Amino acid sequence: MHDRCAAPGGTGEIMAQTAKQRQWAFSARSLAVLYLILTAGPVLLASLSGGLNSPTVYPVLARATGVAALAMFMMQFATSGRFELISGRIGLDRTMGFHRLAANGALWMILLHVAFFLFRGRDGSLDVLWQRFVAYMTTPDLRTGIVAAGLAVLLVLTGKHLRGRIIPYQAWRIGHGLLAVALVALSLQHAFAHARFMADPFGATAILVVALLALTSLLVVYVLRPIHAFRPGFKVESARALSPTVAELVLNTDRPERFTFAAGQFVWLTIGRRHTVTDNPFSIASAPSDLPRLRFLIRNAGDMTAAVPHLAPGTPVGVDGPHGSFTLDETGPGPLLLLAGGIGIAPVMSLLGELSHARDRRPIRLIAAARSRADHIARGEIVALMDGLEFEAIFLADTDGGDDCESGTCRREHVSRLLQGLAPAETTAFVCGPPPMMESAVAILLQAGIPIERIVMERFDFDAGHDAVCASVRHRFIALMATVFASVLTVALIAAT
Ligand SMILES: Cc1cc2nc3c(=O)[nH]c(=O)nc-3n(C[C@H](O)[C@H](O)[C@H](O)COP(=O)(O)OP(=O)(O)OC[C@H]3O[C@@H](n4cnc5c(N)ncnc54)[C@H](O)[C@@H]3O)c2cc1C
C-alpha cells in the first residue's frame, strides 16, 4: 500500500464522507414505480386518446401489448448496468439480473401482441390461424414488425446462451448493442406506420419520450462516457504479477481533482486509447486517501485481464465511474464483518484501507478465503494496515493450512468465533467472492443472526445469484413484471368495454 496522508478519525466521519463521495441514486422502490410508468404509461395514454379502440377485444389487447413491448425494449437501454442513477443502490449484478428478466418480459409481450392479432376473430381453428399467420408474414407493410420480432427472439436467445461462450465477449457485446438498436428502430417504424394511436399527439408523445430516453442512454454510453472516462487523465504507473493468476495494476494522474470515489466502489477500465466499448469493471483496491493513485487487483479471466501484468508504464487508462454500493455509508455504529473469497479481497482491501486511515474504533472482523496459502496475496499488508485497531482475522486456504492460515472453506464456526462478544443484530457484513462462496456465506450469516438488510454484497458477476438476498430481490422483480403485465392487460380490457 502506498503512503497515506493524515487520518481524519471517527466512524461518523467515515460514513458522512462516504455518503458524500457516492453519487445519488434512485431507491429500488422509485425505480420500480418509474419502470411501471414508462412501460405501462404509454398504453394508458394510448387508451385515453382512443387509439386502442376496436369493435372487438383482441385487436385492443394486441395494440396494448405491442405498445408495451416497444416501451419495454426501449427501457432495456437504460437498464444496461451503465447508470449509477439506476444501479448505484441496487447493484450492478441485480441491475443486470433485472435487464435479463425484463428482456424475457418484453419478448412475452411481443408474443402476446402477435397471438392476440392471430386470435382476433371468433373462428380460432388451426387452419384459420395458419392462414392468418401466412397472410401476416407475407404482407409487405408488416415486414419491419416481423423482422423486429425475429430480432427480439435472437437478442434474448444470444444474450442468454452465447455471451462470452461461442462468441468472444467483446464481439458479442458490440453485436448485442447493434441488434438492440436495429430492433428498436424497426419497431418504431412499425408502430408509426401501423398503430393508429401514433397519429394522436398523446400516444405518440408517450412513445417518443421513452424513445428519447433510450437514445439519451445510447449517447451517454457510447459518446459522452468515452470522452469522460479519459478526462481524469489516469495512466499506468506500474503493473506486475503478484501470483500466477493475479496481477496488481496501479494508476496515477496529475489531475486528481477530477476523480473521487468511496471505498469499496468499482470503475469500468478501458486500457489504452480505445473506445470504452472494450471496458471491464474492476473494484478499486486502494482507499480514497491513496488518491491520486488507484490500485487494482486483477485475476486473469480472459483477453484483457491476461494482458494486465505486461502493461507499459504511461499507458493511458479510461476510468468510468465510480459505481457501486459496497460502501461504508449505511453501516451504523455496530461491528463490521468482512468476508472475502479469492479476488473478492480487492474491494475489501479498499474498505480496510479506509477504516485504517480513519482509525475507526468499531470492532472489525475479517474472513479471507483463498485456494491456497500462496494465493493470500495481501495477508502481510492487511496485518500491517490494521495494526492498533480492534481487528481480528481468520485466513483460510482450501488446499493447505499452516500457522498463519487454517485449512478448509468458510464455515459457521469461523463466523461464530469472530462474532464472540459482539451483537450479530447490529453487525454489518460485507461479502465479496465467487458465486458459490457468496451463497454459502449468506446462509451462514443469516444463521448467525445477522439481519438480511445488513448484508452488503459485491458480486464479480453480471447476473444476480441464488442466495437468500438475491432470491428476495428476484421475487420483487417478478412481482414488478407481473404488475406491468396486469396493468397493460387491464387498461386494454377497460378500453375494449
Ligand atoms: C462489479 C464488478 C467488480 C469486479 N471487480 C474485479 C476485481 O477487482 N478484480 C478482478 O479480477 N475481477 C473483477 N471483476 C471481474 C472482471 O470484470 C472480469 O473478470 C473481467 O471483465 C474479465 O475480462 P477479460 O477481458 O479478461 O475477459 P473476457 O474474455 O472478455 O471475459 C471473460 C468472461 O467475463 C464476462 N465478462 C467480461 N466482461 C464483461 C462485461 N463487461 N459484462 C458482462 N460480462 C462480462 C463474460 O462472461 C466473459 O465470458 C469484477 C466484476 C464486476 C461485475
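The values are calculated or read from the model by the stated rules, or taken from the named source; none is laboratory data. The model shown is predicted, which means the values in this text are computed figures rather than measured ones. A quick note on method: Cβ atoms are made from the backbone with ideal geometry, for glycine too, and the neighbour counts reach across all protein chains shown.
Select from the range 435-464 the residues that are basic (K, R) and more than 16 Å from the ligand (Cβ to nearest atom) and list them in ascending order.
Selection gives R454 alone.
Take the range 88-123 and flag every residue that is more than 20 Å from K160 (Cβ to Cβ) and either assigned by TED's automatic domain parsing to the domain that holds V431 or modelled with pLDDT under 90 (or both).
G88, R89, I90, G91, F117, L118, F119, R120, G121, R122, D123, listed by residue number.
Tell me yes or no: at least one residue of the range 465-482 is more than 16 Å from the ligand (Cβ to nearest atom), farther than 30 Å from G159 by Cα and more than 16 Å from the chain's Cα centre (by Cα).
No, the range 465-482 contains no residue that is more than 16 Å from the ligand (Cβ to nearest atom), farther than 30 Å from G159 by Cα and more than 16 Å from the chain's Cα centre (by Cα).
Quick one: is A306 near the ligand (Cβ under 7 Å from one of its atoms) and either at pLDDT below 90 or farther than 30 Å from L355 by Cβ (or both)?
Spelling it out, A306 is indeed near the ligand (Cβ under 7 Å from one of its atoms) and either at pLDDT below 90 or farther than 30 Å from L355 by Cβ (or both).
If you go through the range 447-469 one residue at a time, how many are closer than 19 Å to E330 by Cα and crowded, with 16+ Cβ neighbours inside 10 Å?
Residues that pass the stated criteria total 8.
Name, by its number, the condition in (1) out of contact with any helix residue (DSSP H, G or I) (no Cβ under 9 Å at 6 or more places or on another chain); (2) within 20 Å of R82 (Cα to Cα); (3) modelled with pLDDT under 85 that does not hold for H161.
(2)
So if I check each of V250, V317, which one is away from the ligand (no atom under 12 Å from the Cβ) and within 24 Å of S87 (Cα to Cα)?
V317
Within the range 90-197, which helices (runs of 4 or more DSSP H) (wholly inside it) include 1 or more residues that are among the basic types (K, R) and within 16 Å of the ligand (Cβ to nearest atom)?
It comes to 92-118, 143-161, 169-194.
Looking only at residues in the range 23-32 that are of a type in the set (A, V, I, L, M, F, W, C) and surrounded by 14 or more Cβ atoms within 10 Å (Cβ to Cβ), which one is farthest from T327 (Cα to Cα)?
Once the filter is applied, the top-ranked residue is A32.
Of the residues that sit in the range 164-176 and are free of Cβ contacts under 8 Å to residues at least 40 places away in the same chain and buried (at least 16 other Cβ atoms within 10 Å of the Cβ), which one is nearest to L107 (Cα to Cα)?
Here the residue is H176.
Those residues that are among the hydroxyl-bearing types (S, T, Y) and either at pLDDT below 90 or in contact with a Lys or Arg (Cβ under 9 Å, 6 or more places away or on another chain) (or both), I need them from the range 452-483; list them, please.
S472
Limited to the range 303-342, what total is found for residues that are in a strand (DSSP E or B) and touching a helix residue (DSSP H, G or I) at 6+ places or on another chain (Cβ under 9 Å)?
13
Please state which one of F296, F326 is under 25 Å from S87 (Cβ atoms), among the hydrophobic types (A, V, I, L, M, F, W, C) and modelled with pLDDT under 95.
F326
Out of all the residues in the range 298-319, which are surrounded by 22 or more Cβ atoms within 10 Å (Cβ to Cβ) and within 20 Å of the chain's Cα centre (by Cα)?
The answer is I298, G318, V319.
Does I494 satisfy being away from the ligand (no atom under 16 Å from the Cβ), hydrophobic (A, V, I, L, M, F, W, C), in contact with a strand residue (DSSP E or B) (Cβ under 8 Å, 6 or more places away or on another chain) and more than 19 Å from A28 (Cβ to Cβ)?
For I494, the condition - away from the ligand (no atom under 16 Å from the Cβ), hydrophobic (A, V, I, L, M, F, W, C), in contact with a strand residue (DSSP E or B) (Cβ under 8 Å, 6 or more places away or on another chain) and more than 19 Å from A28 (Cβ to Cβ) - is not met.
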